[in-house]
């Protein structure tokens, strides 16, 4: 049982690293990108690269983190009555929902980008994607960082019986 708990902890840590690293990479790329500045080919390549980061890091990292976190709660009876664990689970659900909110538009834009090669580009649509997603990414990174702090600090909440 101890080996399983350690394996779950390793998966949780690696998933969080992949998720947060991918989100940070997307936030930086989106913050620095100016749609239409480099032409349609550059914009298409940029969106395709962002979709790959989302597919290979953000999505799997997010799923690994949430699933392993919930599994860790189920495997360790000592976690059942700890407030910080339940707060971490709640913020984990927020991260999952927010991550899905970000991944969808990135995938849709990648599909549109691939189909647009023969069609005139729409810089206004790309700019709207950038503006809305950058803020969401930074908020998700802040919540994920708070989740890491909760896991390391493990504060006691008098209102929860810790």
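Computed quantities for the displayed model
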| quantity | calculated |
| --- | --- |
| Theoretical gain in end-to-end length, residue 4 to residue 70 [0.36 nm per residue, Cα-Cα removed] | 22.4 nm |
| Residue 14 versus residue 142: modelled label distance in nm, points set 7 Å from Cα along the beta carbon direction | 3.2 |
| Surface/4 of the Cα convex hull for region 1-106, nm² | 7.1 |
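FYI, it's all coordinate maths here, none of it is from the lab. These figures come from a predicted structure and were not determined experimentally. Note: ideal-geometry Cβ built from the backbone for every residue, glycine included; neighbour counts use all protein chains shown.
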